[in-house]
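Notes for the one structure printed next.
Read-outs throughout are calculated quantities, based only on the coordinates presented, and are distinct from any laboratory measurement. What you are looking at is a predicted structure, and each value in this text was computed from that prediction instead of being measured. In this analysis, Cβ positions are derived from the backbone assuming ideal geometry, glycine residues included, and neighbour counts consider all displayed protein chains.
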C-alpha cells in the first residue's frame, strides 16, 4: 500500500519525482478514449525504469505458449494486448544534451490527471548536466470527440541560459511488449514517411495482420510566433520524425503542439490508412490545441452529468470513486460492439485478452445505469457475435449439437487462455453470459432483445450445461465434475455449488425465454428454433430433468451450501488467524498449499447468493456470508465489492464499508502492490456497484426499481444518478434524508425503502433517514 | 502399429529403405553403453527426415518454460536431455557428388542390430545422380568395455566406376535439440583442433556448464593398404574434421576406421579433457576395430549369461524380450550412482530428465534379479544423495522439519517438471522411493542398507506424509487432499486410495526400520536420529495416529477400494464400449473429457494391490481387478505389465498374456505410433517383470524366494535366470515340467509352487507342470 497521491475531488495529483514510483504513476495517470489509450509515459526520452505502453483497442497478438507439455484442446496462443506506436514522443536536446529525467536534476515535478476535463498535465524543472535549467509543461489527451486522435502541448522555458535547441517529434513503431514470451517484436514494418512538419509510419502485426498507420503533425511556437524552419527528415524502419534546430534564449519559451492520429485497418480500408491519417491530422491541427481541449472538456462534462457520484465529507473517497468512473469511461464507451473491456483497460499489458466474465458480472450494471441502453446492448451483442466461436470452442472439447462454451479470455471469440484448470473448467463464465441477458432485460425492460439475439445464445449455453452434467448412479442426481468455480484457489473440483446453481438457473431461464418468445415474437421463435435445429421435446425434456434432479452440495448441520464436494474435509480457519507474513497467500504460498487450504480468493457461493438473492432468505444469505466471508482473502480485485453489497443488504454496515474501502482506492493507493502493471479496470465497476447496489440498495424486481439507501457513517452525504428505462434519477443521501429527483419528463413508480412511491416527471421525493 | 521388423531370435533386422520409417528405425536401432548412446543416424550426410541424437548420460540443459501464467513453487525449468556432438559423421563425395540416401537411388538396404554382440550394422547400394554405384557397409558400436568410446568401420566399394573420392570424418558440436523451447542452441563453443588423422572439439553447455571434449582419429584402408595421404584440416566453431581426397577404381573397396571418445567434465578434470580424449583415442585405435569388436562381443556375452530369457516356439516373443533386456543394459549399467534410467534411455529427447518413479517401481526389480546387488544399491544411493534436495523441494511447497518430497522428474535432485498437477500433486512417487528400499532389503537381505542410508530417507518421506495429511472434522479421519495418483487421467483429487495407502505403509515401515536399526545398528540409530533432529515421541506418535486413523475410500456395496473420493459419481463404462476412433483417448479427446471420464491411464488402485499383495486376499484383488481393469486404457507404457502380473496371479492366463503382448513388442511394432520419439526404455523392465513375476510367479516373502511358474499356451517353453542373494538360478519351463537349476555352490531353500523345496548347490529340481 502506498499513499503518495494527493487527495483532491476532481484531480489525481502527484508532486515530486520518485523514479521508483514511476511505473505505478504511469498506470494511474493513464489516458484513454475507448478506441485507444496509453500509459503516462513521458514525451521526452527517459532512460529510467518505465513500462512503455500505447494501445489500440482490439489490436492484439497471439503469442504462442506451447512449451513442454501440452494437452488436446489447449488453445495455441495467449492473446496479448499489443504495445503499439509511440505517438507522444518529442525528443529534446539543449546544447547537445538530451533532456532525460533519469539524468537531469528534477525539481517541482508535478503530474495532474484532470478527470473533470479529461487531460493529463505534467510540469517540472530540470537542471541538465551542464547546469542549464529548463521549465517544462506538457498537457495531453486522447480525444473522446474524435477517438482516433490525440494532441499534446509541450512547452520549454530556458531559465538560466541561451543555447541551441533541437526538437524531434516522432512516430515510433519499433516497440516491444515486456511480456513477449520469446523476446520477439510483434510489428512488421510496412512503410514510413517524413516531410516538413509531418510524419507517418505504417506497420502490421505479425500473425493477426492488423495494419495501423500512426501519423503526426506539429507546429512550434517561439515567443508567440510560429517557427518556420526547415527540419531534418528522418526515416528509418518503423520510425519517422522531423528534427528541428533552433536557439532558445534565457527567459524564452518554446512550445510544441503535436497532433497525432492512429488509424487502424479494423475501421478503414487497409489501402487508405495513410490518406485517412493525413486527413485526421489536417482536421485536428486546423482546429488547434485550445479548441480540441475545449471540446474534450465539454464531452467529459456530459459524461459526468450522467455518471458522477458525489461524496461529501470524504475527499479520498470522492477522488477514489471518480477515478474509477473516469477510468471506466476511458476504457469503454460502448460505441463499437467489436470492443470490450480488458481487465487493465489501456493501462498495461497484464492479463492480455480483452474480455473476461468481468464484463458481464461487473461492468454491465455500470454501463446500464450510467449510459444510454445501446451501450449495454452492445456488450451483449459482442457475445452474440461470438456465438459460433463459442460453439466451436465447445466442439474442441467434445461437445456437440450447438452446445456453446464461451471462452474464459478472448479477443475475437476464440479462447486465448491456456491453463487447463481455467480454460476447460472455469465454465461458470458461461452462466454469467446468460445471467447478463437476464440482467439486461430485467433492467432495461428490453425483452425484445431475447427474440432478436438472446434466445439463441441461451439455447447454446443451456445445451452446454445439459451435456456437461452427468448422471451419478451413486447420488441418483445430476452432478457436474471437474470444474473450477469463481474461487480460483480451488481447481478441478466436483459439484461447485455456484456452477451447478447457475447452470440449473440458465436452463430454467432459457425455458422461460422460449415461452416468452413463442408468445410474443412467434416469427423470431420459428426463425431461431429452425436456425439452431432445436428438438423441442427432447431438449427441453432433458433440461427439465436436469433442473429437477440437479445435485447441490449442502451441509445439514451447518445449514450452508458447500462450495464443492469435500469442502468440509479441509482444515477450516478464519483468515484472521493467518500470520501477516502469509498474506497475500498468492505471493507467499505454493500453489499446492493454496489449493489445499480453505481460503477463498473471491466470492463463490456468495457470488450465487448475490446474483440470485431473491431465491434465498435473508437468514440463509447471512449464514453463508458468516461461514464463507471469514475464510475469504479477497485476493481478486473483484471480491470485496460483492461482499460489500451483501453486507449492505444484511445490515452489516461496518463490514460493507470495510469491503468498499478495499476497492475504492485500490489503484490510487496501490493496495495490492501491483498497480505498476496497470489499473484494475473491471473491478472499478464493482466499486461503483458497491455504492449504488450496496449503500444505495438498488435492485430491480418484477420490473420495478427498488432503492434502499443508507449513509455510511464516515460520510456526510453522497449522491448519484442512475439511468433507469430512460428516466434519469438523482439520488441524494444526507444524514437527515433521502431525496430522489426525477430529472425526466415521465413519472416513475419505484419501491423506496420498501414503500411503493411515485415520483412524477421533474418531480422530487424526500424521505427522512 | 507397424510390422516391418524382421523376426529373428538375436537380431533386429530391417530390410529396404523407407524414409517414412527412418525416425522409428533410428529409435529402435539405437546404441548405448550406460555412459553414452545414440540414435541410429547415418554416418554419411542425410538430407531427409531424421532426429539426430547423441547423448551423454547426465549431461542436460534446464530449458526455461516460464511463459504466461506462473505460480509460486513452480520449478524454473524443464531439464532436457541434450543432443551432444555428432561423433559418427563421415561425409563422402564421389566425383564431387555427396553420398546422401535422400538423393541417391537406394537398394539392398539392410540394418541389423546384433544384440548378442552389441553392434549395429548397415549396408546398402546407392546409385548417385550420375549413375555411379557404390556398395556401403558400416558397423559401429558404443563400447561397454570402455564406456567413453565408440568405433566405426565404414567401407565403400566402387561398383561401376572409377572416380575421385573425398572423405570427411568429423566431430560436430553445432547441434540442436528439436524440443528447444526458444530455438536456442544449448552448447557454447570452447575450442577445436584438427591435425592429420585426428580432430577434437570442446564445448560447454549453457547454464549447466558441463564441458565435453569429443575426439576422433581414423585410418583409411584402400585395397588392404593404409592410405597415408595428407588431409585438408577443417576447423570451425564447434566443428573439426579432416578432408581426404583419393581415387577409387571400379571394384575397389575403401574402408574408414573411425575411433571416437566423448570425455566429460563430470568424470575428469575440466582442464584435462583434451588430454584424456587423445589418450583414449590412442588406446582404442591401437587396439584396432577388430579387437574392440571382439571385446564388445565378450562383454555382451557375459551380460546375456546373467540376464537372458529364452522363449521357445515364438520367435517374435523371443526377439521382443531380448530387445527389452538389451536396451535396458544399453541404458544403465549401474556402475555410477550419479546416473539413472531416463524413460527413453539414449534413444530420443522426449520426457527430458533422467529419473522418474519408473526407476524404483519398474527398473529396480530387473537390476536386482539380473545384476550384481551393487547395481540395485547404486539406484537407491542415487536417491539418498538427493535427500537434501528433496527436503528443499518440500520446503518450497511449505513443508518443514526435514520433510522430503522427491521430485517427479530430475537430473540432479531438483524438480524439473512443471505442471502443478504433477509436480506438486503426484506425490505417490515419494512412496515408491520408500517402497524401493523395502523391496531391495527384502530381495537382497541387505538390511544393513537401512542403517547406512535407508532410514534417513524413510524418515524424510514419512515426515512429508505426516504433514501432507490433514484431520477432517467431517470424516473424523486423516485425509489427503489435492493429489494426482498414478492414473494421471485424474488430477487434483481427494483421497487417492493408492496414495493414502502407500503413505500409511511408509510410516509403518519407517517405524519398523527405526526398531530394526535401533536393535541391530545402535550407533547408526543414534547417528541418524541426531542428524535429522528426530523427536522420537512426538513424531512416531503422530505417525501412529495417522496410521490408525487414515481414511481409505471404499464402496461397501461393490466391495472395492475407490480410486478417489467421488469416483462413483462418474459414468462408469468399460473401455470395450468406446468407439475405435476414440482410442487412444489421449490423442483423440480433450483433457477436459479425459479428466471427467472413468477411464484409467495405468494401474492405480491395482498398483497398490500389486505392491502390497500380501495385505489383501485373492478375492479382494480379483474384485478390484475386475472392477478397474475393464476401465483401463493402458495408455502408459507402464500399465500393461502390472496388469499382466496380477492376472497371472489370479490365474487369468489369457488376460495375462494379452497384457504381456502389449508391452513385449511395444517399440519393435511401434504399437502406440510414437517410437519415432524414442523407445519406452523404463517400461521394458516391466516386460521383464511380466515374465519373471507374472508367468514365473516370483515373489519374495519372509526372506524366501517363491516361484510359481506356468507356461503361456502360445509358447513351447521358456527359461530365465535370476540372481537371488548371490545364487544364480536357472528356471526352465516346458509343457511337461519345471526345471530349476542352482548354478551356484550354495544350497537354496525356496517355495516352489507352494512347496518348501531345497535345491543344493549345483543341484537341480524338476517338477511336473
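Using only the C-alpha atoms, the convex hull of the stretch B:717-768 corresponds to 63 Å³ per residue.
The residue B:572 and residue A:673 beta-carbon pair, evaluated with R₀ = 51 Å, returns a calculated FRET efficiency of approximately 0.55. Helix A:289-307 and the longest principal axis of the C-alpha atoms of chain A enclose an angle of approximately 20°.
Note on residue B:476 and residue A:189: the model spin-label points, each 7 Å out from Cα along the C-beta direction, lie 7.7 nm apart. Averaged over residues, the count of other Cβ atoms within 10 Å places the peptides B:537-543, B:577-583, A:328-334 in the sequence A:328-334, B:537-543, B:577-583, highest first. With a Förster radius of 30 Å applied to the beta-carbon distance between residue B:614 and residue B:764, the computed FRET efficiency rounds to 0.55.
Each other copy places its own label point for residue A:64 at 1.8 nm from this one, sorted shortest first, where the point lies 7 Å along the Cα-to-beta carbon line. Closest approach of a chain A beta carbon to the axis mapping chain A onto chain B (residue, whole Å): A:492, 2.
If R0 is taken as 51 Å, the Cβ-Cβ distance between residue A:230 and residue A:178 corresponds to a FRET efficiency of 0.85.
The ranking of A:679, B:416 from fewest to most other beta carbons within 10 Å of each one's beta carbon is B:416, A:679. Shown here is the pair-distance distribution of chain B: with all Cα-Cα distances grouped in 20 Å bins from zero up to the longest one, the shares run 16, 47, 30, 6, 0 percent.
Residue separation of residue A:15 and residue A:737 scaled by 0.36 nm, minus their Cα-Cα distance, works out to 256.0 nm of gained length.
Take each residue in B:174-183, count the other chain C-beta atoms within 10 Å of its C-beta, and the mean is 1. Compared with the dominant Cα axis of chain A, that is its longest principal axis, helix A:497-520 is turned about 90°. Placing a label point 7 Å from the Cα of residue A:4 along the Cα-to-Cβ line, the residues of the stretch A:660-677 whose backbone N sits under 14 Å from it are A:668-671, A:673-677. For labels at residue B:587 and residue A:702 in the simple 7 Å Cα→Cβ model, what's the distance in nm? In this crude spin-label approximation the distance works out to 6.2 nm.
Considering every alpha-carbon pair of the stretch A:11-305, the percent of pairs per 5 Å bin, from zero through the bin containing the longest distance, is 1, 5, 12, 16, 18, 17, 14, 9, 4, 2, 1, 1, 0, 0. Distances, shortest first, from the label point of residue A:442 to those at the same position in the other copies read 6.1 nm; the point lies 7 Å along Cα to C-beta. Against the main long axis of the alpha-carbon atoms of chain A, helix A:428-444 sits at an angle near 90°. Based on Cα contacts under 8 Å between residues 6+ apart, chain A shows a relative contact order of 12 percent. For the residues of A:468-480, the average number of beta carbons from a partner chain within 10 Å of their own beta carbon is 3.
Sorting B:113-124, A:419-430 by their mean Cβ neighbour count within 10 Å, with the most densely packed peptide first, gives A:419-430, B:113-124.
Approximating the spin labels as points 7 Å out from Cα along Cα→Cβ, the residue A:381-to-residue A:207 distance works out to 2.9 nm.
Ranked by the mean number of other Cβ atoms within 10 Å of their residues, highest first, the peptides B:9-22, B:231-244, B:163-176 come out as B:163-176, B:231-244, B:9-22. Based on alpha carbons, the Rg and Dmax found for the stretch B:397-554 are 15.6, 46 Å. Stokes-Einstein at 4 °C, 1.567 mPa s, Kirkwood radius from Cα pairs: D for the stretch B:558-620 in µm² s⁻¹? Result for D is 95 µm²/s.
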